[in-house]
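Engineer: Below are the structure tokens for one structure; questions will follow.
The values are calculated or read from the model by the stated rules, or taken from the named source; none is laboratory data. Keep in mind that what you see is a predicted model, and the values were worked out from it rather than measured. With ideal geometry, Cβ positions are generated from the backbone for all residues, glycine too; neighbour counts draw on all protein chains shown.
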Amino acid sequence: MKALVLIGGFGTRLRPLTHTVPKQLIPVAGKPMLYHVLDLLPADVEEVVLATGYKAEVIADYVRHHPLRWPVRTVSEAEPLGTGGGMKNAGGGMSDPFFLLNSDVIAAADLRAIVARHLEHGGVGTMTLAEVEDTRPYGVAALAPDDRITAFVEKPEPEAAPSHWINAGLGVWSRSVLDAIPPGRVVSWEREVVPGLLDGGVYGFRLTRYWEDAGTPERLLRAQRLLFDDGRGGKAPLPRGALGTGPVATAPGATAEGASFGKYVTLGPGAIVEAGAHVENSIVMEGTRIERDAFVGGSILGPRARVRPSHRIVGQTVGEAGEV
Ligand code: GDD
Ligand code: MG
């Protein structure tokens, strides 16, 4: 099977960081979000096609320098075509069926089991579903007793949501669904295409362990906690000469002599945390400097940012080279 990965969004909810860093390359528990998503794919996948748009060159360049275990092809859009338009643009040559993955969802999902379910029911699609309290930011499914999806509404008002089971952004689809997408224009897969596919048989596959869309700062940090708790951040011992608890996923060249750490931290290459500073529940990207006695909690610091001595930041997203 092949995989089609949607990776062209603007990451608006993570600005100013995403003005320079595409959302999918933000490191979470030690590696880019995109790489955690791809970790779910079986080893024998034939090809991974990345449907890119915003910051396409940055992503293509990163993937070239950090090779994946499968052959990768990048197909970019000159202008964003939406999720459906991106699928149509990049989906030529897909396998039947194929994996369709959003690139910003952190989940425990057994994609082989989802393929097995897909082949068993014989319909056109299998959509993983996650149960959430607030359905407003998601696509929501109504389900028959056999988990066949009977209605699908993208981002409904709460009173119009047919259930609490939402599109988790990881699925298996027959190649024929690509024929249902009009070519050459912006198309929303969720709004314009999926509802029309339901008659052909689209089934839900309920995820039961954990799932998070990492598209906002709070949810990104929650995704990081989930990954660490599931062991997907590696051993993550404290950096040399540091105190505290961790886990801290420390990239080569990061230093933190005399600094202290709470739980759940990613330190990018060459990041410096000076003595007396404390960091917890945060992402600190490459070359960023947290100066002495500063406190950083629940924050995402872009590349080459700086936190001044004794400064306290909580719940902030700082863009590349930002100073706080
Ligand atoms: N190629 C391409 N072109 N990709 C795009 C474009 C585009 O124009 N727009 C968005 N994408 C990519 C994003 O990078 C992301 O990986 C995926 O498509 C979904 O876009 P988001 O912008 O993150 O959508 P969302 O989170 O509001 O909603 C989607 O995901 C939810 C689950 O996280 C929908 O699929 C919902 O139905 C779903 O519940
Ligand atoms: Mg999203």
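Engineer: What about Leu227, is it touching a residue at least 12 places away in the same chain (Cβ under 8 Å) and under 30 Å from Leu111 (Cβ atoms)? Give the derivation first.
Structural biologist: Values: touching a residue at least 12 places away in the same chain (Cβ under 8 Å): yes; under 30 Å from Leu111 (Cβ atoms): yes.
Spelling it out, Leu227 is indeed touching a residue at least 12 places away in the same chain (Cβ under 8 Å) and under 30 Å from Leu111 (Cβ atoms).
Engineer: Of the conditions (1) in contact with a Gly (Cβ under 7 Å, 6 or more places away or on another chain); (2) within 16 Å of ligand 2 (Cβ to nearest atom); (3) of a type in the set (Gly, Ala, Ser), Gly200 satisfies every one except a single condition; which number is it?
Structural biologist: Condition not satisfied by Gly200: (2).
Engineer: Sticking with this one: I'd like to know if segment 315-324 contains one or more residues that are in a loop (DSSP other than H, G, I, E, B), touching a helix residue (DSSP H, G or I) at 6+ places or on another chain (Cβ under 9 Å) and surrounded by 20 or more Cβ atoms within 10 Å (Cβ to Cβ). Quick ask: steps written out before the conclusion?
Structural biologist: Just the residues of segment 315-324 that are in a loop (DSSP other than H, G, I, E, B), to begin with: 315-316, 319-322, 324.
From the residues that got through so far, the ones that are touching a helix residue (DSSP H, G or I) at 6+ places or on another chain (Cβ under 9 Å) too are 315-316, 319-320, 322.
Now narrow it down to the ones that are surrounded by 20 or more Cβ atoms within 10 Å (Cβ to Cβ): none.
Looking through segment 315-324, none of the residues is in a loop (DSSP other than H, G, I, E, B), touching a helix residue (DSSP H, G or I) at 6+ places or on another chain (Cβ under 9 Å) and surrounded by 20 or more Cβ atoms within 10 Å (Cβ to Cβ).
Engineer: Only one residue in Ala43, Ala29 is out of contact with any helix residue (DSSP H, G or I) (no Cβ under 8 Å at 6 or more places or on another chain) and outside the structural domain of Arg304 (by TED's automatic domain parsing), so which one is that? Outline the logic, then answer.
Structural biologist: Values: Ala29 fails: out of contact with any helix residue (DSSP H, G or I) (no Cβ under 8 Å at 6 or more places or on another chain).
Exactly one of Ala43, Ala29 is out of contact with any helix residue (DSSP H, G or I) (no Cβ under 8 Å at 6 or more places or on another chain) and outside the structural domain of Arg304 (by TED's automatic domain parsing), namely Ala43.
Engineer: Quick one: which of Asp134, Asp179 is charged (D, E, K, R) and either under 21 Å from Glu212 (Cβ atoms) or assigned to a loop (DSSP other than H, G, I, E, B) (or both)?
Structural biologist: Numbers: Asp179 fails: either under 21 Å from Glu212 (Cβ atoms) or assigned to a loop (DSSP other than H, G, I, E, B) (or both).
Matching residue, one of Asp134, Asp179: Asp134.
Engineer: So, one more: For the structure I just gave you, tell me whether Asp61 is at pLDDT 95 or above, on the phi < 0 side of the Ramachandran plot, more than 14 Å from ligand 1 (Cβ to nearest atom) and in a loop (DSSP other than H, G, I, E, B).
Structural biologist: On the way: at pLDDT 95 or above: yes; on the phi < 0 side of the Ramachandran plot: yes; more than 14 Å from ligand 1 (Cβ to nearest atom): yes; in a loop (DSSP other than H, G, I, E, B): no.
So Asp61 does not fit the description; no.
Engineer: Return a yes/no flag: does segment 280-300 have any residue that is surrounded by fewer than 20 Cβ atoms within 10 Å (Cβ to Cβ), in contact with a Phe, Trp or Tyr (Cβ under 6 Å, 6 or more places away or on another chain) and in a loop (DSSP other than H, G, I, E, B).
Structural biologist: The answer is yes; a qualifying residue exists.
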